[in-house]
Amino acid sequence: MGLSREEFTDKYRTREIDRSDPIRTLLNSLTLESVREAAYNLAPTRKVKIRSHASSYEDLLQVKRSTEDIVQALLDVEAQTPFKHALIARANEPSSILQFGAKLRDTCSAGGFDFLVRHFKRIGDFSYVTLEHTVMVKEWVEGESSDTRKLEQYETRHPVVVRLCMSTGLLLISYPGFTQGTGTKRTSMISYGDLLAAAVKVLSSLGLNTHALPIRESLKVLLAGANRRVHSVRADIEKVDVGRFDLSSLKQDRTVEESLADLILPHLKGVTTREELIDSAKRAINSAESNLLILYWVEESVLTRLKFWDIGCEMLFTWHGERASYRAIDSLLLMLHETQGKIAAVSNQEHESALTWLAAQQASQILRPADLAERLQISAADARKELVYAVKAGLLVPVFRLATNQAVEGSLNDWTDDPGELRRTWMLDDGGEVDGANPANIDVAFRRVAAGGLQ
């Protein structure tokens, strides 16, 4: 059965194009929160109240600004609010985007798509460009009687926001996604892959060339073992001459490797421990080719679904109890970018990178700066820097103990991740004492994160 006319209108109300009014078209694209933000930016002292989406058009006119000013404010807010889809890439020459201001209102075509260069803005270290294209929605609705159907259609506005960090060259091509309705033939359906490929070609034609960021290589290091910063909750992988596997965890605080280990372990005979099985599963999954990954980023409280295409990695962001923000996206992208930089820095040398070596260490292994310095023939200062970065990347945790080889009364003097436990005076077996509150009396090392240590 088709939709009623009321259901059809409500279902596809957002992003509908009103050819007679650019403000109403943009209001159809934005959330009520975004409209309120735009109103405040236009008139911060007037305290204009945006009561509801239905009244937002009339309410917004109370700012007493021109149509052009209102449209610009709405576009500014839209560009600075991340959409759920984003292609991750890197610009060859970031400064090339600065010429886009002269391209406003130009229409550029590629791959069957026509993009209107609608908006450009530079804010601090970031430049924003909004490209618009039109998507036709077709839906079967009820006719004059309940047993008849009629095909109705109309156009929707689909924005594609390009956000470029000028200092790093990191580029996001962000978009909300769209539906074309049940009345659209399968052969006429638009794929997101084709859309992004066309957007990349348009950017290139305008002078901004990009290349794929090797995120897969960064993730192979970060996910080589347990990680407090990020872990996989779903992995669609395949290996030549072995097969294709789609593995999922039921909870975001459990990795697919832990779930796989808990499935297999009860049926194994021998002395294999859960930790050993998790470690083996992680290394096996990491060595396979990833078709799709879903990762949970602990600090940002966000899930990302990753698909790997020739033009870059496409991410789908799912926010959990947090408002969608570029701050969180920047945080995880910077981690991937810095990790790739550390890997690439030694790619043409005979030895492996410090991060790759640290990621390969056994769970719970204690590592000192001297261990890393000796292994890679680097200075102690450089070794400490690499270890500190590995903590930031979620591979290691710092651990502490009293700097003495003597027996300590009431303590085994094991490594602890809480230095507060040591901040008191300790008696030694020779009658001496150690002040645990004095940093000079504390040894510092690093422990490789173990499975289950993800919180």
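Laboratory data are not the source of any read-out in this text; all were calculated from the coordinates shown. Just so it is clear, the model here is predicted, and its values are computed rather than measured. Here the Cβ is made from the backbone with ideal geometry for all residues, glycine too, and neighbour counts use every protein chain on show.
Here are some notes:
- When the P(r) is computed for segment 5-145, the part past 23 Å accounts for 45% of the Cα-Cα pairs.
- For segment 243-271 versus segment 291-328, the gap between their alpha-carbon centres in whole angstrom: 23
- Calculated translational diffusion coefficient of segment 149-245 (37 °C, 0.692 mPa s; Stokes-Einstein with Kirkwood radius over alpha-carbon pairs) equals 184 µm²/s.
- Each part gets one Cα centre, and for segment 357-427 versus segment 104-135 those centres are 50 Å apart.
- Working note: Debye formula, equal point scatterers on the alpha-carbon atoms of segment 190-321, no solvent; log10 I(q)/I(0) at q = 0.09, 0.11, 0.17, 0.19 Å⁻¹ is -0.33, -0.47, -0.96, -1.13.
- From most to least packed by mean Cβ count within 10 Å, the peptides 416-423, 300-307 give 300-307, 416-423.
- Loop sites in segment 309-393: GluC sites (Glu not before Pro), DSSP, at most 11 other Cβ within 10 Å: 322, 350
- Contact order normalised by residue count of the chain, Cα under 8 Å, 6+ apart, percent: 13
- Selection of trypsin sites (Lys or Arg not before Pro), segment 10-85, meeting DSSP coil and at most 14 other Cβ within 10 Å: 13, 19, 46, 47, 49, 51, 64
- Each distinct pair of alpha carbons in segment 345-455 adds a 1/r term; the inverse of their mean, the Kirkwood radius, is 15.4 Å.
- Equivalent ellipsoid, the chain (semi-axes from 5 times Cα gyration tensor eigenvalues, Å): 50, 27, 23
- The trypsin sites (Lys or Arg not before Pro) of segment 177-244 that DSSP puts in a loop, and whose beta carbon has at most 13 other beta carbons within 10 Å, are 185.
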